[in-house]
Structure formats: structure tokens, C-alpha cells
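Laboratory data are not the source of any read-out in this text; all were calculated from the coordinates shown. Remember, it's a predicted structure, so these values are computed and weren't measured experimentally. All Cβ positions, glycine included, derive from the backbone under ideal geometry; neighbour counts span all protein chains shown.
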Amino acid sequence: MQEALELARAKKSNERATALKQHYKGVRFVSKANGSCEQMDEAMDNIELAMYKAIETMLTKDEFSDDDKKKEIANFTDTLNGLKLAVLDFAERAGMQTSGKKQAGGDGPDTRSAVECALSDEVYDAHKMYFKFLNDRMAEMKVKDTRVSKTIEFLDGMLVDLHSKNESTLKKLGGKRPDKSRKIKTIENIKEEVQKKLKPDVAEPDEEFGLDEKEIANVKAAPPRGGPGRGGLMDAIAGRARGGGGRGGLMDAIAGRGRGGPPGGDAGGRGGLMAAIAGRGRGGPPGGGRGGLMAAISARGGGGRGAGPPGGGRGGTCFHAVF
């Protein structure tokens, strides 16, 4: 799903770049126009995300304290401030007056492409839905915020003027109006997405497998299938993983009882960890086999690689090697 979305965006971006190159002469103008288009995409994404978060909060909280309401208003303010900066940039590119007192005939020429004008109208559609949501939500919470209200009023007036500018410029350019870049999600669309996300995706046995109540009861009452297999972690540690004989548990292996042997004897099987260190790794008569760790260090392992007679072999401790 994500790969398909990314592929669609890449295709739309390539089509947009081709249209901008046909309209503008010069790489610099194409780059600025493309940046403005990306900014409009981001503005619509932010509107959708802000509504998603607000609706998710509404559906997951039963009661709202004063602090909760303040946080929600703060989120609205952040989204509106970001939208304000973007809209001012869109208006400037359309040649609109964005500062000071507006004068009749004071707007400059609109040199934008059809792609930019059509995308700007999508921002206009998205903002209308978002502002309605904000006003309804604030009325529902019984909250009044002058900054939010004033910002909505300013942006609404600016976007209405920009919409008129878009329509006149598109008419002047002629040709086919560009297709919409996306489907503007309504409040109900976003609410359905949030509800679907919050709903646990767990199917009952009778719904998933078509079993009736009696069959479900029989399944629950049936003993586990199969015989003794590998035991759990604690069984493995205790030596009961396979039951009875066989390999012992972890503690048996450390103690030298991993493979059985006469009770209390060191002769059978591989010895334990402590036995290996002490020189009883393979059992047998004293002095037989490989010696212990300390014996190797002290060169008393006996035969083979041990110290041997004075002057022979590789014997001696580390002090003999030094001196």
C-alpha cells in the first residue's frame, strides 16, 4: 500500500515538473514554482493530520479538563500559524497585496501556471472544511479564543480572494484544467479512519473458523496434542526437558552430571565445570588425562604437555617462562 502511494506521488511529481517546464522559461522559475507546489501539498497534509489527531482525541477521551482544552487550542493555533505563512506565500506568487492597506488595482500580474492555480484551489477546498471543523469543535468545547478566531477570519478572506484569482488566471490561460492531485478527505472520512484504527482487529473463533458454541467448547476441553516434547525454559534448567534419562539440566551440566554415571562418582561422562577446573574433567585415576587449569599453570598436569622433569618440555609456571 505504501509503495503504491509513493509510486503515485512520484508519477504526479513528474507530470507536474513537465507542466511547469512548459509554462516557465528558465530553471530558476521552474524551481520556485515546484517549491510552491510542494508547500501546498504540505499545507494540505498538515490540515489532514491536525484533524486526524483532534478526532482521535475526541474518540479516546470521555471527559476534557481545562488543560486538555488548552492543549487542543494550542494545536489548532500551531496549525493555523503554519497555514498562514504558506497562504501568504501563495498570495504573493499570485501578485496579491499581502501587506498594508489594499488599493484598487494594486495587485500585480499573476504569472503562475495552471498547475499552481489548480493546486491552490485544492488548498481552498481543504481550508473550508478545516475551518468548519475548528469552529464546530470550539463550540462543542464551549471555548472562545480570540487569536484562533482572528486567524481563521484573516485566512478565510485571503483564501477567498486567492480562489477568485485562481479562477480568473485559469480562464486566461485556457486549455484543460489540471486534474485534482488528491481526494480531499471529509470530516466523516477521517473519523471512519480513526475508528477503524482504534477498533481491535480480533476475530472470535466461531467467526474465524465457522464453529458453533458446542464445537468451541470441545476444542477448549480437548487435551494438548502430541506427547512429551521439549520442555520449557525452567524444565530445561531443572533437567526435566525430556523427562527421565538423557541429557540433564543446566545445573546438572555445570555440576558434572550431564550424561549420568555412577552416583557421586567423577568417572562417568564429562565432568562438571568445577571438576574441569580442578583437573577432574575426564575422571579416571589420579593424574590421568588432561590436568586441571591450575595444574596446567603450575606445570603439574602430568605427561604430554605438562612440565615433565626439570629442564624438559614446556613445563613451568609463567614465572619459569619469564626467568
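Taking the condition within 41 Å of the chain's Cα centre (by Cα) and not in a helix (DSSP H, G or I), does K176 pass? In short, yes.
Yes/no per residue for (1) free of Cβ contacts under 8 Å to residues at least 24 places away in the same chain; (2) more than 25 Å from K144 (Cα to Cα); (3) surrounded by 12 or more Cβ atoms within 10 Å (Cβ to Cβ):
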site	(1), (2), (3)
E6	yes, yes, no
C37	no, yes, yes
T57	yes, no, yes
D67	yes, no, no
L80	no, no, yes
A91	no, yes, yes
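Scanning the stretch 87-120 for residues that are closer than 18 Å to E153 by Cα and not hydroxyl-bearing (S, T, Y) yields V87, L88, D89, F90, A91, M96, Q97, G100, K101, K102.
Restricting the stretch 110-132 to residues that are among the β-branched types (V, I, T) and more than 31 Å from the chain's Cα centre (by Cα), the residue that is farthest from A54 (Cα to Cα) is T111.
Would you say A104 is exposed (fewer than 13 other Cβ atoms within 10 Å of the Cβ) and not in a helix (DSSP H, G or I)? Yes: the conditions hold for A104.
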